[in-house]
Amino acid sequence: MRAAAFTDLIGPDGVQVVDRPDPSPEEGEAVVDVEACAINRHDLWILEGDSAMVSGENLPFVTGLDVAGVVREAGAETSVEPGDRVVLCPNETCGTCRFCREGPENLCEEFSLYHGGLAEQALVQADRLVPLPEGVDTTTAAALPTAYMTAFHMLRRADVGPGDLVFVPGATGGVGVAAVQLADAMGARTVGTSSSRAKLEQVEPLGLDHALAVVDPDEMREAVLEVGEVDAVINHLGGPYTRVGQDVMRRGGRMLVCGRTAGNTSEIAVADLFLGHKRVEGSTMGTQRDLERLVALVADGDLEPVIDATFPLEETGAAFAAMQDRESVGKLVVTVE
């Protein structure tokens, strides 16, 4: 089979299509003919050499979390069959710790993520496959697992409901767009920021109520507060924007943080945190049940994931270059034919 592998951790030029042996499933496993696989900032960090999980010793390395396609072959003790249309929940958990037993599973003490979807075939744990209704195509489904599952889980943990005001710094990225759409579906209002007015104009029809073309943290703080104190912050940027999120939250506000695109460290005003009864929590991915709910929303016509562009497997490097350029709005998906 063909696979788009990282052969050098130097950015998009380090991607090459290579031949690999076809996988064969063992008990509990399935082989999926990949039709689509979305890429994520997580993958780009690996490709740029900015991830502790992959080094030169692991090359060539095939990433790709968000797999959608058709089951080719299933091993023993599985509930899927050849021909089933599926999307993969990329969570990898131990299945035995207290979080796996009691939930939520993304708190698993050995939590990890699947890699291997940027290929013609993917060997996966069969119980991580979510069936796709006929009305949900695989390219759409591939956009869901990382960005939409992450945003959905964060909004639920932040107790977002009708009438709430939600601040989404970086509202034109994958998680940002997903947060805007899902908050709108929950009846909440959103204020989102971006460096690009043109990109914000693409997100406004998706439910963004207040679009602010601002990057400077001080200017952003002032602009958001002109709209009003917010009930919740969906923060996938980190860096200085965590302090901005804290400053614009109302008393008792909630901020969920899932990324570090703008920096690995953030400043917190401790007195404001406890005197204002504000919550700042970390969040990684979501649960398989979250993904099942998202698939149902798409099937019912209540959610349409935003896909900026698709790329054939041979142009996976170009897909990462597009992500690196930060010009896209929504998801970038690699398709396999």
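The values are calculated or read from the model by the stated rules, or taken from the named source; none is laboratory data. These numbers were taken from a predicted model, which means no experiment stands behind them. Every residue, glycine as well, gets a Cβ built from its backbone with ideal geometry; the counts of neighbours run over all protein chains shown. Calculation scope for accessible area: heavy atoms of the full protein, side chains included, ligands and nucleic acids excluded. Shrake-Rupley method; radii C 1.70, N 1.55, O 1.52, S 1.80 Å.
Compute the length gained on full extension between LEU275 and SER51: take 0.36 nm times their separation in residues and subtract their Cα-Cα distance, giving the result in nm to one decimal.
77.0 nm
Between THR284 and GLU314, what FRET efficiency follows from the Cβ-Cβ distance if R0 is 25 Å, with the result rounded to 0.05? Intermediate results must be reported in sequence, preceding the final value.
On the way: r = 32 Å, r/R0 = 1.26.
About 0.20, to the nearest 0.05.
Roughly speaking, to the nearest percent, how much of the chain's 1.4 Å accessible area is carbon and sulfur?
44 percent
Applying 1/(1 + (r/R0)^6) with R0 = 25 Å to the Cβ-Cβ distance of ASP302 and ASP159, what FRET efficiency is obtained, to the nearest 0.05?
Values: r = 20 Å, r/R0 = 0.81.
Efficiency computed from Cβ-Cβ geometry: 0.80.
At 1.4 Å probe radius, can you tell me the per residue accessible area of the chain in Å²?
42 Å²
Tell me the Kirkwood hydrodynamic radius of the stretch 24-147 in angstroms, computed as one over the mean inverse distance between distinct C-alpha pairs. Display every interim value, and only then the final one.
Values: mean 1/r = 0.0663 Å⁻¹.
Over the stretch 24-147, the inverse of the mean reciprocal pair distance is 15.1 Å.
Using amide H atoms built 1.01 Å from N in the peptide plane, name the residues 5+ places from ALA309, or on other chains, whose amide H lies under 5 Å from its own.
VAL333
Take the alpha carbon atoms of the stretch 198-244, find their radius of gyration, then divide it by 2.2 N^0.38 Å using N residues; give the quotient.
1.17
If you wrap the stretch 177-308's Cα atoms in a convex hull and average its projection over all directions, what's the area in nm²?
8.5 nm²
Considering the convex hull of the alpha carbon atoms of the chain, report its projected area averaged over all viewing directions, in nm², one decimal.
16.6 nm²
How big, on average over all directions, is the shadow cast by the Cα convex hull of the stretch 275-337, in nm²?
Spelled out: convex hull of the Cα atoms, projected over all directions, averaged, 7.6 nm².
Report the full-extension gain for the segment ARG243 to SER195: residue separation times 0.36 nm, less the Cα-Cα distance, to one decimal in nm.
15.5 nm
Quickly work out the GLU77-to-ARG98 label distance, labels modelled 7 Å from Cα along the C-beta direction, and quote it in nm with one decimal.
2.7 nm
With springs only between Cα atoms under 10 Å, which of GLY69, GLY192, GLY263 fluctuates most in a Gaussian network model of the chain?
Looking only at GLY69, GLY192, GLY263, the biggest GNM fluctuation is shown by GLY263.
When the chain is fully extended, how far beyond the present Cα-Cα distance does ASP22 get from GLU109, taking 0.36 nm per residue of separation?
This chain segment gains 28.2 nm when fully extended.
Modelled label-to-label distance, ASN58 and ASP137, 7 Å Cα→beta-carbon offset: nm?
That separation, rounded to one decimal, is 3.3 nm.
Quick one: give the max-minus-min coordinate of the C-alpha atoms of the stretch 98-253 along each principal axis, largest first, in Å.
50, 38, 29 Å, listed from the longest principal axis down.
Of the options GLY259, VAL280, ALA321, report the single residue whose Cα projects farthest towards the positive end of the charge dipole of the stretch 238-337 (beta-carbon charges: Lys, Arg +1; Asp, Glu -1).
Of the listed residues, the answer is VAL280.
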